[in-house]
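A.B. asks: Please see the structure below; I have some questions.
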Amino acid sequence: MESDDFFRQATLLICGNLEIDKALQSTLRFLQNVMPLDRIFLEYYDRNYKSMRTIATATDEACSQMELLTPLSQSAQQSAKLTDLPGGKDVYIFEKPYERAISREMLEFHDVPCSSLMVMFLKSNEQMLGALVLITEKDHYNQSHADWIALLQDPFAIATSNAIQHREVLKLKELLTDDNQYLNQELYRLSGDEIIGANFGLKDVMFHVRQVAPLDSPVLLSGETGVGKDVIAHAIHYSSSRSKGPFVSVNCGAIPDTLIDSELFGHEKGAFTGAIAQKRGRFERADKGTIFLDEIGELPLDAQVRLLRVLQSKEIERVGGIKTIHLDIRVIAATNRNLQDLVNKGKFREDLWFRLNVFPIWIPPLRERKADIPALLQHFIGLKSRELKLSSIPVISPDSMDLLMDYPWPGNVREVQNVVERALILNPRGPLTFENILPPAHPEKSQDVGMPETRSEKLDMVISAHIRKVLSKTKGKIHGPGGAAELLGVNASTLRNRMNKLKIRYKKLAD
């Protein structure tokens, strides 16, 4: 094929569709005539989040647009800044992609096999737009393939620029939507269509959700306060055959003991003083749907007995009534307490625990899935910007990302949301910084820092003890003036790598 004919046909495919994913797929099928090609990614390095942002991908079978952030290690971030590539080239071939930090982390994150990888960087008026990544799973790229792709740098740059601008227009349009549309979007978010971390930190949780959602088995969600147990409960309900039925949420710790029976099971007119009309309880309202019993560990023992009957027989009686009401409900319970300990202490019925603990799902705290933090920040910045009716969505200061990744987030996802809102209130135009917003981490939760000095003769133990001692002096601060890296005379990333190897947790202590 002549180069002019190749350029003309490819350009029509690349620029002929505003939906960039479909344009990529059409182009992939065309390029397969001149080179081995199994998958294309379109992505760029987001300096604010210190992550690689994938905006579209395509294979011969499927294509999709996305806004997927991949967190990068320190070494991968340096590669993303193009500091380790020779100048003067438009296209680079990597025959051993797993030996380079950024390509290895991206391939592992997307779970894509690769034997050879080719990258073309896209520019517009000397401004870096992003990169086109071509992957072959079994063959290898050569200079002839690179020469063909280099001919298409301008068309791909134009298509990428148009796609990015089109997305900006859509974002501005979202800011102008009315309250009704916003509430509908929130309903979809709660229904499980948008679970931040579903493909990474919450991957195992969502696997269990998909397993149990089609069934009617009780589910027990456990995890710390603020991890998002209610969101997972919504995901289970809206992924089930009951999705068109009601979802009724009950906070068991917020109902006074004297009103629990009436709230849960309802009452008949005249059942007690003040019962001037018949009332349906929460269980009755959840018929043909799901009832979510949040903070189940706070339920009094008397109410636990009556709840056990509901789980066993799926029937209730209203307070003051004699009619048995049969129910078709699914029960999801949640707790931030250890129910087994409560059972041992006689504060929770063992038989009820057995009934609820049919399919337990533990939701990990945010400190154990920090790779989700960039995506959570992006989500809440957009969400809160709309709630606060800001004219634009502020960006985050790049210098703040290390601080946010180091913070232990004792309040989990709920704390992220609150911190983001506070930052937007203080600086609505951005860039957002968090240095004076994050509260100091509680020293009891950072016990690894400042541990007693060891007298071991083993080199790793001596080094570990010295690092901990210096961290104790700096109150957990690693980088910057007065940080542990400066006192030890090493690069901050080198110190972090050594701490990871020695299993030293790095958390900033309270002043």
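A.B. asks: Counting only residues that are farther than 21 Å from residue 417 by Cβ and exposed (fewer than 15 other Cβ atoms within 10 Å of the Cβ), which one in segment 182-215 is modelled with the lowest pLDDT?
C.D. replies: The extreme case among them is 203.
So that you can scan it fast, the table gives a plain yes or no per residue for (1) exposed (fewer than 14 other Cβ atoms within 10 Å of the Cβ); (2) at pLDDT below 85; (3) more than 24 Å from the chain's Cα centre (by Cα):
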site: 89; (1), (2), (3): yes, yes, yes
site: 110; (1), (2), (3): no, no, no
site: 122; (1), (2), (3): no, no, yes
site: 134; (1), (2), (3): no, no, yes
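A.B. asks: Kindly provide the set of residues from segment 310-332 that are polar (S, T, N, Q) and in contact (Cβ under 8 Å) with a residue 40 or more places away in the chain, ordered by number.
C.D. replies: 312
A.B. asks: Residues of segment 1-27 being among the hydroxyl-bearing types (Ser, Thr, Tyr) and at pLDDT 90 or above, which ones? So that I can check it myself, show each step before the final result.
C.D. replies: In the first step, residues of segment 1-27 are kept if they are among the hydroxyl-bearing types (Ser, Thr, Tyr); the result is 3, 11, 26-27.
11, 26, 27 - these are the residues of segment 1-27 that are among the hydroxyl-bearing types (Ser, Thr, Tyr) and at pLDDT 90 or above.
A.B. asks: Take residue 477 and decide whether it is modelled with pLDDT under 65, under 25 Å from residue 78 (Cβ atoms), outside the structural domain of residue 410 (by TED's automatic domain parsing) and within 28 Å of the chain's Cα centre (by Cα). Quick ask: steps written out before the conclusion?
C.D. replies: Values: modelled with pLDDT under 65: no; under 25 Å from residue 78 (Cβ atoms): yes; outside the structural domain of residue 410 (by TED's automatic domain parsing): yes; within 28 Å of the chain's Cα centre (by Cα): yes.
So residue 477 fails the test.
A.B. asks: Please go through segment 270-303 and give me each residue that is in a loop (DSSP other than H, G, I, E, B) and without any contact (Cβ under 8 Å) to a residue 40 or more places away in the chain, ordered by number. Working first, answer last.
C.D. replies: In the first step, residues of segment 270-303 are kept if they are in a loop (DSSP other than H, G, I, E, B); the result is 270-278, 281, 286-289, 295, 299-300.
Of everything in segment 270-303, those that are in a loop (DSSP other than H, G, I, E, B) and without any contact (Cβ under 8 Å) to a residue 40 or more places away in the chain turn out to be 273, 274, 276, 277, 281.
A.B. asks: Kindly state which helices (runs of 4 or more DSSP H) lie completely within segment 313-396 and contain at least 3 residues that are crowded, with 22+ Cβ neighbours inside 10 Å.
C.D. replies: Those helices (runs of 4 or more DSSP H) span 373-387.
A.B. asks: So, one more: Mind checking whether some residue in segment 28-35 is at pLDDT 90 or above, surrounded by 19 or more Cβ atoms within 10 Å (Cβ to Cβ) and within 29 Å of the chain's Cα centre (by Cα)?
C.D. replies: Initially, segment 28-35 is screened for residues at pLDDT 90 or above, giving 28-35.
Now drop any that are not surrounded by 19 or more Cβ atoms within 10 Å (Cβ to Cβ), which leaves 28, 31.
Narrowing further to those that are within 29 Å of the chain's Cα centre (by Cα): none.
No.
A.B. asks: Considering every residue within segment 401-416, establish whether at least one is out of contact with any Leu (no Cβ under 9 Å at 6 or more places or on another chain), in the same structural domain as residue 210 (by TED's automatic domain parsing) and within 30 Å of residue 296 (Cβ to Cβ).
C.D. replies: Taking every residue of segment 401-416 in turn, none turns out to be out of contact with any Leu (no Cβ under 9 Å at 6 or more places or on another chain), in the same structural domain as residue 210 (by TED's automatic domain parsing) and within 30 Å of residue 296 (Cβ to Cβ).
A.B. asks: Restricting attention to segment 115-154, which residues are within 16 Å of residue 28 (Cβ to Cβ), assigned to a helix (DSSP H, G or I) and not aromatic (Phe, Trp, Tyr)?
C.D. replies: 145, 149
A.B. asks: Any residue in segment 230-245 that is buried (at least 20 other Cβ atoms within 10 Å of the Cβ), under 22 Å from residue 319 (Cα atoms) and at pLDDT 80 or above?
C.D. replies: There is no residue in segment 230-245 that is buried (at least 20 other Cβ atoms within 10 Å of the Cβ), under 22 Å from residue 319 (Cα atoms) and at pLDDT 80 or above.
A.B. asks: Scan segment 232-242 for residues that are out of contact with any Lys or Arg (no Cβ under 8 Å at 6 or more places or on another chain) and either touching a residue at least 40 places away in the same chain (Cβ under 8 Å) or under 21 Å from residue 201 (Cα atoms) (or both) and jot them down.
C.D. replies: Result: 232, 233, 234, 235, 236, 238.
The values are calculated or read from the model by the stated rules, or taken from the named source; none is laboratory data. This structure is a prediction, so every number in the text was calculated from the model and none was measured. All Cβ positions, glycine included, derive from the backbone under ideal geometry; neighbour counts span all protein chains shown.
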